[in-house]
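Below is one structure; the comments refer to it alone.
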Amino acid sequence: MAADDVPELLYHTVLTVIDYHKEPSGATCSVYVLGTHSALGAAKAFATSALQGLNYQPEDFTEFT
C-alpha cells in the first residue's frame, strides 16, 4: 500500500454504556468500538444505522444527526 493511500484522519464509532441502576454516579461505564472509518460521512451513516439496529429512535436523543 502506497503512503498516498493512507487516510489522514480516522473516525471511530463508539458506544458508551452507563448503567445508572448499578452505579448511580455514572462513574463506571463500558466502551465498545463499533467501527472505524476513513470518511466522516461513512462514520455518520454507520452510527445512525448502528443506533437503529440497537432499537434506538431519533426521538430518544436531544440531537440526532
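The values are calculated or read from the model by the stated rules, or taken from the named source; none is laboratory data. As the structure is a prediction and not an experimental result, all values here were calculated from the model. In this analysis, Cβ positions are derived from the backbone assuming ideal geometry, glycine residues included, and neighbour counts consider all displayed protein chains.
Quick check on my filter: what residues within the stretch 1-20 are part of a loop (DSSP other than H, G, I, E, B) and either of a type in the set (D, E, K, R) or modelled with pLDDT under 90 (or both)?
Selection gives Met1, Ala2, Val6, Pro7, Glu8, Asp19, Tyr20.
Scan the stretch 19-37 and tell me whether some residue there is loosely packed, with under 13 Cβ neighbours inside 10 Å and at positive phi.
The answer is yes; a qualifying residue exists.
Looking for whichever is touching a helix residue (DSSP H, G or I) at 6+ places or on another chain (Cβ under 7 Å) and of a type in the set (Phe, Trp, Tyr) here; the options are Tyr56, Tyr20, Tyr11, Tyr32. Which one fits? Spell out how you get there, then give the answer.
Details: Tyr56 fails: touching a helix residue (DSSP H, G or I) at 6+ places or on another chain (Cβ under 7 Å); Tyr20 fails: touching a helix residue (DSSP H, G or I) at 6+ places or on another chain (Cβ under 7 Å); Tyr32 fails: touching a helix residue (DSSP H, G or I) at 6+ places or on another chain (Cβ under 7 Å).
Just one listed residue meets the conditions, Tyr11.
Within the set of pairs 6 or more residues apart or between chains, which connect a residue that is at negative phi and free of Cβ contacts under 8 Å to residues at least 40 places away in the same chain inside the stretch 39-65 to a residue that is among the charged types (D, E, K, R) and surrounded by fewer than 14 Cβ atoms within 10 Å (Cβ to Cβ) with Cβ atoms less than 9 Å apart?
Cβ pairs passing all conditions: Leu51/Asp60.
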